[in-house]
């Protein structure tokens, strides 16, 4: 019962009407493929991307390293 009350309060705060909780499924189902493509085209651009690469060292090289001392580790 508490979760339901929290949901009602959340929808009242976000949408200004707690009854909007009962319209959520309809809003979700009304999203079309065209809507998704329009938003993806707008936000998924070369200028908006972040690229990260992870490079790992071979395990043998890692094992030969001395373990860091607790006093030299930084938070």
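Structural remarks
- Test: residue in segment 26-37 that is assigned to a helix (DSSP H, G or I), touching a helix residue (DSSP H, G or I) at 6+ places or on another chain (Cβ under 7 Å) and either surrounded by fewer than 10 Cβ atoms within 10 Å (Cβ to Cβ) or without any contact (Cβ under 8 Å) to a residue 24 or more places away in the chain (or both): no
- Condition met for residue 23 (surrounded by 10 or more Cβ atoms within 10 Å (Cβ to Cβ), at pLDDT below 95 and outside any loop (DSSP other than H, G, I, E, B)): yes
The values are calculated or read from the model by the stated rules, or taken from the named source; none is laboratory data. Computed from a predicted model, the values in this text were never measured in an experiment. A quick note on method: Cβ atoms are made from the backbone with ideal geometry, for glycine too, and the neighbour counts reach across all protein chains shown.
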